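Encoded as structure tokens, the structure appears first; notes follow it.
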Amino acid sequence: VSWLRAHGKKGFVGEFAGGDNPTCNAAVQDMLAAMMEASDVLVGWQWWAAGPAWGSYPFSLHPKDGQDRPQMALLAPYLLGSQ
């Protein structure tokens with residue numbers, strides 16, 4: 001973020017993820033907050049792993065049994081249209 005600002009550039013966080021546990025949830029929430037604070041230079045981000053091919057992979061966001069994965073509750077407030 002410092003480099004982007006210093007060089008007048010924009011960036012995109014290509015992939016990140018976290019498991020469904022207190023340590024990972026806190027880290028993901030901190031990262032999301034930090035990315036929002038850097039929205040002057042970060043133009044977006046992407047969660048690692050979505051789609052049915054991932055099955056029971058712990059980082060997948062694909063709904064399981066018709067229900068959102070727990071990580072969606074962390075991401076939802078930061079998604080376009082959720083504000």
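The values are calculated or read from the model by the stated rules, or taken from the named source; none is laboratory data. As the structure is a prediction and not an experimental result, all values here were calculated from the model. Cβ sites come from the backbone with ideal geometry, for glycine too, and all protein chains shown count toward neighbours. Ligands, DNA and RNA are stripped out before the accessible areas are found, and what is left, the full protein with its side chains, is counted by its heavy atoms. Shrake-Rupley method; radii C 1.70, N 1.55, O 1.52, S 1.80 Å.
Taking amide H positions as modeled 1.01 Å from N, with prolines and chain starts lacking one, the residues under 5 Å from Gly11 and 5 or more places away or on another chain are Leu42, Val43.
Magnitude of the Cβ-charge dipole of the chain, K/R +1 and D/E -1, about the Cα centre, nearest 20 debye? In total the dipole reaches around 240 debye. When the solvent-accessible area of the chain is split by element, carbon and sulfur atoms take up 58 percent of it, the probe being 1.4 Å. Qualifying chymotrypsin sites (Phe, Trp or Tyr not before Pro) in the chain, where qualification requires a DSSP coil assignment and no more than 16 other C-beta atoms within 10 Å, comprise Trp48.
Ligands, DNA and RNA are left out, and with a 1.4 angstrom probe the accessible area of the chain is 66 Å² per residue.
Close amide H contacts of Leu61 (hydrogens built in the peptide plane, cut-off under 5 Å, sequence separation of 5 or more or a different chain): Ala50, Gly51.
Here the chain has an Rg and Dmax of 14.1, 46 Å, counting Cα atoms alone.
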